[in-house]
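A quick write-up on the structure given underneath.
The values are calculated or read from the model by the stated rules, or taken from the named source; none is laboratory data. Predicted, not measured: the structure shown is a model, and the values here were computed from it. No Cβ is skipped: glycine too gets one built from the backbone with ideal geometry, and neighbour counts run over all protein chains shown.
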Amino acid sequence: MTNVPNAGSGLVFGPQIDTAGSAARFSVSALGLQFQGEQADIVVPGWSALRWRKGGFNDAQLLVEWTTPEGAFSLSVGDPASQSALLAHLPGAMQETTRPSRATRTASNSMIFLLVLLPIVVIGLIVWQADRLIDWAVSNIPVETEIRLGREAFAQQRQGLAILENHPGLPMLRQIGARLTGGSPYPYEFHIARDEAINAFAMPGGFVVVHTGLLASADSAEELAAVVAHEVQHVERRHGLRGLVHAAGWRAVLSLVLGNTGGSIAGSWVENLGDLRFSRSQETDADLEGVKALVRADIDPRGMVAFFARLAKDPSHLPALLSSHPASTERMTAVRAALPKDRAYPPLPYDYHRLRGAAK
Ligand SMILES: [Zn+2]
């Protein structure tokens, strides 16, 4: 309180005063507000009869108003020292001076919004819209870019695989694959790898690998075809690409949308391949689209139900296919329900038990 000034200056308005206001000096005391000089005659009631508010641009002006028998007067004060001289006495102003002014509060609220809330809002929007953003990115990555990326990723992946170029089942696998991928924009490659794990996988761009363990476990070419149809749909529906986009980060995604596959981008994507897991809905999607593809190719789709049922009831080994492709009764039920009724299919023309290779 000791440093509060007891005088100040401003513009006074009122009857008999120019509409632009008149520069005025004033002093303040517990008794009241007293004008000096040529405005000394202006009658000002006691502090309790004064009204005041902040006004003007950014609330930078203090406006004190009062009424006398002559009419309404006001005093507009801009400079902070003069304002604090008045605010030390104005009714209700003491709490106000110990708090930031409305202008300051507005400004600091804005800063809080910018620094804290805005990022939260933006992140919230991104999370909320993440699926749509990923869908957008995935649908905007050119097929050629995806194929280049997949080829690069598969080249790395195959170093760890025992690819069998002369497996007796390879022509069968490729013929079945060709029937299931007619009209696709992807240049499919079908491979057999020596691996006892009952598994098959597909990489973006159309690289499908079937393990010898899966060939041995399936009991007919139709069952093999069902697995191939399922894997192909992961490629066609870009499930793997979607997972990679999700994992790769936005910088990589944007450069891919722009058709760029720098080595570092592909490298970081390939690192993520091992972690790729499809969602349950993607698995169901691949099942149901796979059934449609089998029907289009005139291959009996009941092989899908038969093969998954066989895997599900075989506890002798952990089927890798099921761990990377979680099975569920709902999935099986959905596949069964999707099978066309009363439709016959010619059997696939292969001696499957001979072509699947020696059982391990
Ligand atoms: Zn799958």
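Brief remarks on what is shown
- Condition met for Phe207 (in the same structural domain as Ala338 (by TED's automatic domain parsing) and over 22 Å from Arg280 (Cβ atoms)): yes
- Being of a type in the set (A, V, I, L, M), within 27 Å of Ala338 (Cβ to Cβ), crowded, with 24+ Cβ neighbours inside 10 Å and within 15 Å of the ligand (Cβ to nearest atom) is a property that does not hold for Ala221.
- Failed item in (1) closer than 29 Å to Leu133 by Cα; (2) basic (Lys, Arg); (3) in contact with a Phe, Trp or Tyr (Cβ under 9 Å, 6 or more places away or on another chain), with Arg238 passing the rest: (3)
- Residue within the stretch 183-204 that is closer than 18 Å to Asp351 by Cα, acidic (Asp, Glu), surrounded by fewer than 21 Cβ atoms within 10 Å (Cβ to Cβ) and away from the ligand (no atom under 16 Å from the Cβ) present: no
- Residue in the stretch 196-218 that is in a loop (DSSP other than H, G, I, E, B), charged (D, E, K, R), in contact with a Gly (Cβ under 9 Å, 6 or more places away or on another chain) and more than 18 Å from Ala293 (Cα to Cα) present: yes
- Checked against (1) of a type in the set (A, V, I, L, M); (2) outside the structural domain of Leu244 (by TED's automatic domain parsing); (3) exposed (fewer than 13 other Cβ atoms within 10 Å of the Cβ), Ala162 passes all but a single condition, namely (2).
Every residue, every condition in (1) surrounded by fewer than 19 Cβ atoms within 10 Å (Cβ to Cβ); (2) more than 16 Å from the ligand (Cβ to nearest atom); (3) modelled with pLDDT of 85 or more, yes or no:
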site	(1), (2), (3)
Leu258	yes, yes, no
Ser264	yes, yes, no
Trp269	no, yes, no
Gly274	yes, no, no
Arg277	yes, no, no
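- Listed by first and then second residue, the pairs linking a residue in the stretch 219-238 that is assigned by TED's automatic domain parsing to the domain that holds Arg277 and assigned to a helix (DSSP H, G or I) to a residue that is within 11 Å of the ligand (Cβ to nearest atom) and aromatic (Phe, Trp, Tyr), with Cβ atoms under 7 Å apart and 6 or more places separating them unless they lie on different chains, are Glu231/Phe201; His234/Phe278.
- When Gln156, Gln175 are checked against the criterion of being modelled with pLDDT of 95 or more and polar (S, T, N, Q), a single residue qualifies: Gln175.
The rows are residues; the columns are (1) crowded, with 22+ Cβ neighbours inside 10 Å; (2) within 13 Å of the ligand (Cβ to nearest atom); (3) at pLDDT 70 or above; (4) at positive phi.
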site	(1), (2), (3), (4)
Val232	yes, yes, yes, no
Arg296	no, no, yes, no
Pro301	yes, no, yes, no
Phe308	yes, yes, yes, no
Leu311	no, yes, yes, no
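- The set of residues in the stretch 210-227 that are more than 11 Å from Met304 (Cα to Cα) and of a type in the set (Ser, Thr, Tyr) comprises Thr212, Ser217.
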